[in-house]
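Note sheet for the following structure.
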Amino acid sequence: MNAPRHHDVVIVGGGMATMADLTRAQTKCIPDGCTWYADHVTAIEADRSVVHLSAGRELHYNDVAVCPGSRVDWDAITGAEEAVATPAAATNYLPEMAEKTWAMLSSLTAGRAVFVISERHVPCAPVGLKPLFMAADHWRRAGNLDHIEIELLVEGTRLVNHDDADRELRAAADAYGVRVRTRTTVEAVFAVSQTLRVQSAEGTDELAYDALYLAPPHRAPDWVADSDLSTDDAGGFLAVDPRTLRHRTHPRVWGLGDVATVDTLPSGGALRKQVPVVAHNIAAQRARRTMRHYDGYSVAPVTTNRRELLLAEFDRDGRPQPTVSTPDLARPRRSTFVFDRYLEPQIYWHRLLKGNVS
Ligand SMILES: Cc1cc2nc3c(=O)[nH]c(=O)nc-3n(C[C@H](O)[C@H](O)[C@H](O)COP(=O)(O)OP(=O)(O)OC[C@H]3O[C@@H](n4cnc5c(N)ncnc54)[C@H](O)[C@@H]3O)c2cc1C
């Protein structure tokens, strides 16, 4: 069993690494002191404090931290799953399709490339812009940019929840001649005719594509959505208090990561800040001490070309939350690109996965 590093799947989609570069054996990723059950959770029965595994085993717990991530929701866009099975469409939100994403984008020499970024629970959605900027830079270097029309369809109102970074990304898109359409939803993909049905404030229209990149809507795993761990207003996701990360009705259940209703952009950087809060709060609840609050910190690293990257860091209200005050990481920089590409993976494998999240 192998564990890919999601952040870097994007650079595979941008042609700067292979999946083999990013994958480690799961056994090497288990921190000391943890027992790994190589099995699937099929249900959590919170009333009995029991986790059910697919092999039939039951694990009893005092507290359980639930962190199974989210899944691509192919039902959310009619025809999208069929489309990504054709050579003209791809998503790097499925690791097995990351290399295809770059093969599709880099081989385009003329026509229309459409990039679609949903805002429905997409993990670290702005990183879906990385393939766009990496491809645009590639097309410019290859002398093809003038022959390629680039359309960016974004469901939200902004490219990222950070004013300065949003401005920078729009300027970078503008420099490549990208047509940016916000508040725009793709309702259907017609793989045979290579067209999209698009809904926006102007109404419904059709858009043809020669290459289609999707950062598609995500949903929670069925065993969470179909259980009492979710609630009507949680949309299938694990219903936690977004500050304490404790389940709203089952106080010994804790939720974090992409599956939980944390009321901010789901991201690995967000998860990194949630882990110490959950660890503290489990102990605090047992000892009747004060709980800590997660402020909704999240982060989006976005390349603006094949050399530079900006880092947007913000809380759940979109207020900047920079890790360092200088330099301003919300501007594209070569040094931030080098850090994200070469140093951050080392921190991930050798510190974060070992439990050193501070
Ligand atoms: C292409 C891509 C690029 C990204 N880039 C960035 C980035 O640059 N920066 C950033 O901060 N974030 C980025 N993210 C987001 C980041 O990867 C996620 O937010 C983060 O991995 C969420 O962690 P998680 O543990 O909630 O879910 P996951 O990372 O999905 O991990 C869930 C784990 O639970 C396991 N699991 C699931 N179901 C079960 C079950 N039933 N039983 C047992 N185990 C189960 C899975 O096998 C997996 O190991 C990116 C995501 C993607 C997809």
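The values are calculated or read from the model by the stated rules, or taken from the named source; none is laboratory data. A quick note: this is a predicted structure, and the numbers were derived from the prediction, not measured. Virtual Cβ from ideal backbone geometry, glycine too; neighbours counted across all protein chains shown. These accessible areas exclude ligands, DNA and RNA; they are computed on the full protein's heavy atoms, side chains included. Shrake-Rupley method; radii C 1.70, N 1.55, O 1.52, S 1.80 Å.
Observations
- Restricting PRO251, PRO266, PRO276, PRO242 to residues that are within 14 Å of the chain's Cα centre (by Cα), at pLDDT 95 or above and open to solvent by 10 Å² or more (accessible area, probe 1.4 Å) narrows the list to PRO266.
- Members of the range 92-103 that are surrounded by fewer than 24 Cβ atoms within 10 Å (Cβ to Cβ) and either aliphatic (A, V, I, L, M) or touching a strand residue (DSSP E or B) at 6+ places or on another chain (Cβ under 6 Å) (or both): LEU94, PRO95, MET97, LYS100, ALA103
- Every pair of residues 6+ apart whose Cβ atoms lie under 8 Å, when the first sits in the range 85-97 and is touching a residue at least 60 places away in the same chain (Cβ under 8 Å) while the second is among the β-branched types (Val, Ile, Thr) and more than 12 Å from the ligand (Cβ to nearest atom): ALA89/VAL189; ALA90/VAL84; THR91/VAL84
- Yes/no for SER118 being crowded, with 17+ Cβ neighbours inside 10 Å and under 30 Å from ARG179 (Cα atoms): yes
- Some residue of the range 334-352 being assigned to a strand (DSSP E or B) and over 30 Å from ILE30 (Cβ atoms): no
- Enumeration of residues in the range 334-358 that are in contact (Cβ under 8 Å) with a residue 40 or more places away in the chain and aliphatic (A, V, I, L, M): LEU352, LEU353, VAL357
- Pick from the range 336-358, criterion polar (S, T, N, Q) and either touching a Pro at 6+ places or on another chain (Cβ under 8 Å) or open to solvent by 100 Å² or more (accessible area, probe 1.4 Å) (or both), ranking: modelled with the lowest pLDDT: SER358
- One residue from TYR209, TYR297 being within 12 Å of the ligand (Cβ to nearest atom) and either aromatic (Phe, Trp, Tyr) or open to solvent by 10 Å² or more (accessible area, probe 1.4 Å) (or both): TYR297
- THR185 being open to solvent by less than 50 Å² (accessible area, probe 1.4 Å), of a type in the set (S, T, N, Q), out of contact with any helix residue (DSSP H, G or I) (no Cβ under 7 Å at 6 or more places or on another chain) and farther than 30 Å from ARG333 by Cβ: yes
Results for (1) modelled with pLDDT under 95; (2) under 30 Å from LEU129 (Cα atoms), shown as yes or no for each residue.
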| site | (1), (2) |
| --- | --- |
| ARG24 | yes, yes |
| ILE30 | yes, no |
| ILE44 | no, no |
| PRO68 | no, yes |
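- Selection within the range 314-327 - open to solvent by 10 Å² or more (accessible area, probe 1.4 Å), charged (D, E, K, R) and touching a residue at least 12 places away in the same chain (Cβ under 8 Å): ARG316, ASP317
- For ARG331, the conditions (1) more than 22 Å from LEU169 (Cα to Cα); (2) touching a residue at least 60 places away in the same chain (Cβ under 8 Å); (3) assigned to a loop (DSSP other than H, G, I, E, B) are fulfilled apart from (1).
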